[in-house]
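So the structure is just underneath, and the comments pick up after that.
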Amino acid sequence: MKKLTFTFLFFAAVTSAALAQKYPGLALTPPMGWNSWNTFACNINEKMIKEMADAMVSSGMRDAGYKYLVLDDCWLSPTRDSLQNLQADPKKFPDGMKALGDYIHSKGLKFGIYNCAGTKTCAGYPGTRGHEYQDALTYASWGVDYLKYDWCNTEGINAREAYTTMSKALAATHRPIVFSMCEWGTNQPWLWGAPIAELWRTTGDIGCGWYIKPNPNGWTPLGVTQIIDKEVNLRQYAGPGHWNDPDMLEVGNGMPVNEDRAHFSMWAMLAAPLIAGNDLRHMSEETREILTNRGVIAVDQDSLGIQALRYEVKDSVETWMKPLEGGDWAICFLNRAAEPKAIDFDWKANVVKDTLSNRELNANTQRYAIVDLWTNKAMGTTQKALKGTVPSHDVLMVYLSKQIKKEKHKERR
Ligand code: GLA
């Protein structure tokens, strides 16, 4: 009898684990898109969101890879309807969410939405707790492709269980919906998130700044460099279909252009989701060029999905290295100092062995061509040390390509 009970429990556990499987094959590279929160917070409405969809297309963002248009908090009506279904605020979204989703899809984009594992969202709108399957079906009926799921008003509940329930609810709709967990890294989601979600926030909210001094009397967002420091030891948890999320981009929201460039470069090195958070309708050409830099985006979207390694920190300059498909590498020298710093990097003297990915960068046995990813200029090869100056709060980001060696072979043939 005991044996039978055990066998039953064993199979029940296996079946429920199988049911917990998220929709397969989503976000094999880090998701890219736009989210309303960083610029608009609760000031969102149908007209603005449609304009943003138009701007994603006309600015070239969509063609550069930004696909998901995500409505963050405050899209909801303050109450559920008589059947307890979620409903959009009719004043902000008079045509409703299905029509908005159709509009977004008609632009070749995907539709993302926000809710919370708690009883209320962070801004106080109806949360999903106790309505997981119902809300998942509602989203599927509206054509939702991405759910950001927050962690406010969750007192006393278990994060892993709450996120697993929502993951199962999404899977039960049989619609491919990317699941973005947003519990700020509090319960170490990198340890348990991969089977249930495509991405998880690793930190508290980003703010628009290089370094944001913590306010001892209250909540403070984190600056770009403070977030980078929190990612250093998480690289083993990221990979195709399951990403560390160091929060959305603040590019174009007020930092100087060098800091925006460094922020964007580092998010690409970290294989982070690239979710823009600026007003795409009115961005400067400088901002547009940063957000649509194809070479840098390609580093982020590399199919191996390996998060960069912080190789060394020397005199306020950090050297980050990211192994790429085909044996190539991206290298980013990040200058965190308030003044410019000289770089003198001898490739041959620095044989990099990345034990996590089992890849080696060895200029003694392989010659690489070097291209500056921000100027697009060739910078010679790894035969010679790389010399240059990195301005304050900026980067030198280069692509190391094995290509030259192959071309040489071709010439010989
Ligand atoms: C939390 C999240 C943010 C944003 C707000 C909305 O703070 O971390 O990204 O979604 O809630 O209220």
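FYI, it's all coordinate maths here, none of it is from the lab. Note that this is a predicted model, so its numbers are computed, not measured. Here Cβ is always computed from backbone atoms with ideal geometry, including for glycine, and neighbour counts include all displayed protein chains.
Results, tabulated for the structure shown:
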| item | result |
| --- | --- |
| Set K230/K353; K110/K402; K168/K213; K213/K377; K213/K314; K22/K98 screened for pairs whose C-alpha atoms are more than 28 Å apart | K110/K402; K168/K213; K213/K377 |
| Dipole of the chain, positive end: most advanced residue of M48, T365, A136 [Cβ charges, Cα centre] | T365 |
| Between the range 61-110 and the range 255-298, the alpha-carbon center distance in angstrom | 25 Å |
| Residue-by-residue Karplus 3J(HN,Hα) for the range 114-124, coefficients 6.51, -1.76, 1.60, Hz, glycine and proline x | 10, 7, 9, 6, x, 6, 9, 6, 4, 8, x |
| Inter-part distance where the range 346-371 and the range 152-220 are each reduced to a Cα centre, Å | 35 Å |
| Angle in degrees between helix 132-142 and the longest Cα principal axis of the chain, rounded to the nearest 10 | 70 degrees |
| The chain - mean residue ellipticity at 222 nm from DSSP helices (-39,500 (n - 2.57) per run, n ≥ 4, rounded to 500) | -8500 deg cm²/dmol |
| Cysteines (scope the chain) whose Cβ has no counterpart Cys Cβ under 4.7 Å | C116, C182, C208, C332 |
| Long-range HN-HN contacts of R359 with modeled amide H, under 5 Å | D354 |
| Selection from P240, I227, A172 lying farthest towards where the dipole of the range 162-250 points positive, charges on Cβ | A172 |
| Chain lengthening between N258 and A337 when straightened (0.36 nm per residue, less Cα-Cα) | 27.2 nm |
| Estimated FRET transfer efficiency when R0 is 45 angstrom, pair Q366-D89 (beta carbons, to 0.05) | 0.20 |
| Amide proton proximity set for G33, modelled H, under 5 Å, gap of 5+ | K67, Y68, L274, I275, A276 |
| Nonlocal amide H pairs with W151, under 5 Å, H built at 1.01 Å | A117 |
| Taking only Cα atoms of the range 13-300, radius of gyration then Dmax in Å | 17.8, 54 |
| Shape of the range 190-293, Cα gyration tensor, a/c cut at 1.5 | oblate |
